[in-house]
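Colleague: Quick one: this structure, given as structure tokens, is what I'll be asking you about.
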Amino acid sequence: MSEYPDSAYPDEELHTHLPVRAGATVDIGEMSGVEADVVRGILRAEPVGRLATTPTGPALSIAANLAAAQDSLTDGRPAPRTSAASPPPADLAMAANSTATNPIATNSIAANSIDATALASGPAGTGPLALLLATVLDGLDRGRADWLGPLPPGGPHAVREAVASSGFGVLPDKGEDPFETLAALGRLVAWGSADPAHPHCAAHLHCPPLATSVAAETAVAALNQSLDSWDQSPAAGEIEERIVRTLTRSVGYPDSSAGVLTSGGTESNLMGLLLARDDVLRRRFDADPDLDGVPPFAAGRMRILASDQAHFSVARNAAVLGLGERSVIPVASDPEGRMRADALGEALGAVVARDEIALAVVGTAGTTDLGAIDPLGAIAKLAARHGAWFHVDAAYGGGLLLGTEADDRLHDLHTADSVTLDLHKLGWQPVPAGCFLVKHAASLRSLEKRVSYLNSADDEQAGYPSLLGRSLRTTRRADAVKLAAAFRALGREGFQQLTDRCRALARYAAAAVRAHPDLELTAEPHLTTVLFRYLPPDPHDADRVNGVLRRHLLEAGRAVLGRTELARERPGTPPGRVRLKLTLLNPHTTEPQIDALLAAVRTAGGAASAAASAASVRGPS
């Protein structure tokens, strides 16, 4: 069904006018009114520049990229991307001899000897991998050239048809040429992906990764290390130890602290609540949760207190742990989205009055929508007074620890018993790059496990470290390697420059929203997210119009905006809870590109408002 039933654009679905395969072009003339207006508005304003690269460091790289983007402004269409084509199949053997550095590979590799069973690494070298990587990277460049927007045009229907027609996802009886396979796959995936490096891809905490880190990821994938035992990942295990130590010291933890890399905030928060549950049961009730689970006298009485702005994984993890989502007590936040310490004190008092157990208090350093950071010091004192574990979800704001400048809002982070970090947010790492830290390594005892084929006691006594008892997972990727590469390549100064740039973009976007009477800023940005909405002529249409305009931008493949809903309507503003969100994690985005994105929102909002008004005048058919 159309977004506008009985409107000026009846009986037509947007995806029927947009390309359904990689490589197709968008013909505005074939679009119905709303989507054509959306695309025209964006094409008029959007400058998508080539990214410049320099060897002189992050600050100058960003400056060069800003200049390059300014230079790329055209009279109506984005500047074309350039890509270096991979060599044609006939020249693959020559390319192998010129690019492979391993003498075994150089002397023996030939294009016709590379098939789908070739290994990525080993005694024969990485020659096949180098050639196949060149092919898939060329495919990525070609796929991005097929469509320069941040999202494939045509919405879910177009992507579904493109993937189906490609044949990928099916297991054929007979394999095909790996070069042709990777060329086609790279092109399809690039065309059909949300591109976090595009300046108009600004919906989620989904960062564009650093090239240095992605290159390091290739080494990890080729060597396929697993961090569940020393003999599967000797160097990578040591690198993770050093990465964890760097992060615990950045938090302000003592040398008795420990940590592990995780799949992200959800896993880290689960670990925090698991350790909190077990700590309270052992310390207060002399129970052994590892062997006996939750004793009957504690079942149904344990409570977790978290801000009403806390991440949804807190409640979901409570369910996973058998505590139930109702065990999570939401604590009121202030107008800026920060947990109110007075409300927490009252909630903890009520827990005691009901003869319940304050299992954990969860603070947030960087809420998903507003980026708010709770008053950690005040929360820590209240948690300690009631014997509760204090966990801080710093998946978003914890990235500030990488820079050179201390943020006073994180000053009391060291008071937490455990901390969640996600460096695939304000750390510019490929997913995953989560981290879970504990103040005292002994707290990890709930994860300890002795398995003869992974961490036998005599091996440990002989000096071979056990990596098994730190994680909920057994097989674990060597995610620390990409972090090590980024840490060394950028240093704290480099991370500070990236953070400063993204926060400056958020401040600019907030000011730009305030400058337009048909846009409304929800709150000043705390980190790099900007919450706002389009104000239609009829205030009662606000929620519907904002939802519709966002979907039209998605369908056109020209902008990716976040959407959220406030827990309650804000006093003094027009009715409605739906808000749009910019999450600005691309330091190479320019101010004109933000202006163009807001212009697209206003164009789409105007069209959606007009359609809603026309439908209201006509009434039901």
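The values are calculated or read from the model by the stated rules, or taken from the named source; none is laboratory data. Being a predicted model, the structure only gives us computed values, none of them experimental. Virtual Cβ from ideal backbone geometry, glycine too; neighbours counted across all protein chains shown. Surface accessibility is based on the protein's heavy atoms, side chains included, excluding ligands, DNA and RNA. Shrake-Rupley method; radii C 1.70, N 1.55, O 1.52, S 1.80 Å.
Colleague: Would you check the accessible area of Tyr396, probe 1.4 Å, heavy atoms only, in square angstrom rounded to 10?
Modeller: About 0 Å², ignoring ligands and nucleic acids.
Colleague: Follow-up. Report, in whole Å, the centroid distance computed from the Cα atoms of region 299-377 and region 223-275.
Modeller: 26
Colleague: Let a ≥ b ≥ c be the square roots of the eigenvalues of the Cα gyration tensor of region 254-330; is it rounded (a/c under 1.5), or, if not, prolate (a/b larger than b/c) or oblate? List each step's numbers first, then the result.
Modeller: On the way: a/c = 1.83, a/b = 1.10, b/c = 1.67.
Judged from the Cα gyration tensor, region 254-330 comes out oblate (a/c at least 1.5, b/c at or above a/b).
Colleague: Could you work out the percent of alpha carbon pairs in region 210-253 separated by over 12 Å, rounded to a whole number? Mind dumping the intermediate values first?
Modeller: Numbers: 642 of 946 pairs.
Summing the P(r) of region 210-253 above 12 Å gives 68 percent of all pairs.
Colleague: For region 140-200, which GluC sites (Glu not before Pro) are both in a DSSP coil and crowded by at most 16 other Cβ atoms within 10 Å?
Modeller: Working: sites: Glu161, Glu176, Glu180; in loops: Glu176.
Passing both the DSSP loop test and the Cβ count: Glu176.
Colleague: Among residues other than Lys381 whose Cβ falls under 14 Å from its Cβ, what is the net charge (Lys/Arg +1, Asp/Glu -1)? Each step should come with its number before you reach the end.
Modeller: Working: positive: Arg385; negative: Asp342, Asp374, Asp412, Asp417.
Around Lys381, the charge tally is -3.
Colleague: Give me the net charge for the shell around Ser452: Cβ to Cβ below 15 angstrom, other residues only, Lys and Arg +1, Asp and Glu -1.
Modeller: Neighbour charge sum, excluding Ser452 itself: -4.
Colleague: Using a probe of 1.4 angstrom, how much of the accessible area of region 514-583 is carbon and sulfur, in percent?
Modeller: For region 514-583, the apolar C and S fraction of the accessible surface comes to 50 percent.
Colleague: Using the heavy atoms of the protein chains and a 1.4 angstrom probe, tell me the accessible area per residue for region 296-442 in square angstrom.
Modeller: Accessible area per residue, region 296-442: 36 Å².
Colleague: Of Lys439/Lys482; Lys174/Lys425; Lys482/Lys581, which ones are farther than 31 Å apart at the Cα?
Modeller: Lys174/Lys425
Colleague: Next up: Show me 216-225, 299-308 ranked by packing, highest mean number of other Cβ atoms within 10 Å first.
Modeller: Put in order of decreasing packing, that is 299-308, 216-225.
Colleague: Let me spell out the model: positive unit charges on the Cβ of Lys and Arg, negative unit charges on the Cβ of Asp and Glu, origin at the Cα centre of region 498-583. What dipole size does that give, in debye rounded to 20?
Modeller: On the way: 15 positive and 10 negative charges, 60 e Å.
In debye, rounded to 20, region 498-583 gives about 280.
Colleague: Quantify, in whole percent, the carbon and sulfur part of the accessible surface of region 449-506 (1.4 Å probe; protein heavy atoms only).
Modeller: Here it works out to 47 percent.
Colleague: Still on this structure, please answer the following. Can you give the extra length, in nm with one decimal, that the chain gains between Ala197 and Ala215 once fully stretched, where that is 0.36 nm per residue apart less the Cα-Cα distance?
Modeller: 4.9 nm
Colleague: Looking at region 244-295, which trypsin sites (Lys or Arg not before Pro) are in a loop (DSSP not H, G, I, E or B) and have at most 15 other Cβ atoms within 10 Å?
Modeller: In loop regions of region 244-295 (DSSP not H, G, I, E or B), there are no sparsely surrounded trypsin sites (Lys or Arg not before Pro).
Colleague: Still on this structure, I have one more. With each pseudo-label sitting 7 Å past Cα toward Cβ, what's the Ala164-Asp288 distance in nm, one decimal?
Modeller: 5.7
Colleague: Under the Kirkwood approximation for Rh and a Cα-based Rg, what ratio Rg/Rh is obtained for region 312-415?
Modeller: My calculation of the ratio gives 0.97.
Colleague: Using a 1.4 Å probe on the protein chains only, how many percent of the accessible area of region 202-314 belongs to carbon and sulfur?
Modeller: Details: 2510 of 4740 Å².
Carbon plus sulfur share of accessible area: 53 percent.
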